[in-house]
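Since every read-out is calculated from the coordinates, none of them should be taken as a lab result. These numbers come from a predicted model, not from an experiment. Cβ sites come from the backbone with ideal geometry, for glycine too, and all protein chains shown count toward neighbours.
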Amino acid sequence: MSPEQVESDGATVDARSDVHALGAILHELLTGRPPWDVAGMPVVEAARTIRESPAPRATAAPPHLAAVIARCLEKDPKRRYRDAGELAAALRATAGAGGRWRFPSWPRFPRLAGKPARRREIVRGTFLGLLVGAALLFAIQAVRDWGGMERSLGAIVDGTAALTARLQASESLVFEHGFRTVEQADAGRWLVSSDGMRIWSEDFSTPRTSYWGPVENGAEGTLVYRFQFPVVAERIELHANATCWDFASCPELGHGRGAAKVEVSADGDHWITLHDGIGAGTWGGVSWWNSGDLPAAATGTRSLCLRVRLVTDGVDDPDYTVAQFARSHAATTADAFSIKAFARGVPDTRRIGR
C-alpha cells in the first residue's frame, strides 16, 4: 500500500498509488526483498514504517533503473510518475538504444594462470561464446516480450485500480477489542487509569460475577480507556454497560444506591456524554446500555478515549458495590465490553487490538 492508502485518504488515491505498487513489485523482483519488510510488525508500526521510512535504494539494479524505482516509491504522490504509461516510457528510456539495460560491470574471466596456452584459449573462447549467446537470447527475448511486458503492466495497474475502487467502496473492520469479564487477562490492555476503582467479585453468586466499582462509599471512582487505531476511524461501534442498583425503597434486598456517567472523546479534551446519572442526580435503578454506533463527533481520528465515573451512597456492605461497570459472569458467551472501529479504503485487519 502507498502512504496515502495507509492514511485512508481517499481524495489522494489515484493512478500514482498504482505506480507506487508497481515500484514495489519492481524493487522486489530486482533485489529479492520488498522495499519495507513489515512481516510480523504490529499494524500500527507497519503503517508508520510505510508512511515515514524512505525506501532503500535498489542497488542490485542498474543506476538508471534504480532511479526509476526510487521515483515510483516517493512518499509524496506528486513526485511519482503520473500513471503506468509514464512509468513505461521511463523504463523504455532506461533500456537505451537496442533495448538493452547496461549493467555496471562485466564478469571477470576465470583465472587460468599456469594452464597451457591452448587450454586457456579454449576456455576463454567457450566462456565468451556462452556469454555472447546468453546476451543475444536476453536481447531477443526482451524485444519479443516488450509488448507482453507492457500488457502485463497494464493488467497489474487495472487489477490494482479495481481493488482500490472496491476497498474505497467497502467498509473494513480495522480495530477490535473486547472482553467477556473484567478479570480476563487482556481486559485492561487499553486502560490508562483506574483512580478510586477496583474489580469486585461476587464469590457468593453462581456463576461468579465480576465488575468495576468504586473503592469507597461516597467517593467517586474513574476509569479511563484510550484506544489507538491503525488508521482514521470513520465509524466506531461500542458495546458497554453500567449497572446501578437502588435498594433505598427495598431494604430487604440490601442498602445503598449508585450512579454512573459515561463519556467519550476523540482527543481526550472535549468529552461527549453518553449517559449521566451523576450530574443529573439520577440515582440507582438506572442501568445504561450502549450497543451501537458512537456519535460522529467521536470519530474521524485515530484514537478514542472512554471515561467511566461511578459513585455510591449508603452502601454498608464492604464486599459489594451498587455502582458497576462491565458487569458479567464467567459463564457468559458474549462480550461484556467491546469496541470496533471501521474505515473505508483499507484492507480488513480484523482482531487488531483483540
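Our estimate of slack between Arg82 and Thr222, defined as 0.36 nm per intervening residue step minus the Cα-Cα distance, is 45.1 nm.
Go through 328-337, 277-286 and give me the packing order, highest mean Cβ count within 10 Å leading. Mind showing how you got there, number by number?
Numbers: 328-337: 15.4, 277-286: 16.9.
Ranked by mean Cβ neighbours within 10 Å, highest first: 277-286, 328-337.
From the P(r) of the stretch 172-344, could you give the percentage of C-alpha pairs in the tail past 22 Å? Distances greater than 22 Å cover 43 percent of the Cα pairs.
Can you put His20, His64 in order, fewest other beta carbons within 10 Å first?
So the ranking, lowest neighbour count to highest, is His64, His20.
Note on Ser303 and Met41: with the Förster distance fixed at 22 Å, the Cβ-Cβ geometry gives a FRET efficiency of about 0.70. Counting only residues at least eight positions apart within a chain, or on another chain, the aspartates and glutamates with an alpha carbon under 17 Å from that of Lys340 are Glu171, Glu176, Asp186, Glu234, Glu237, Glu263, Asp293, Asp348.
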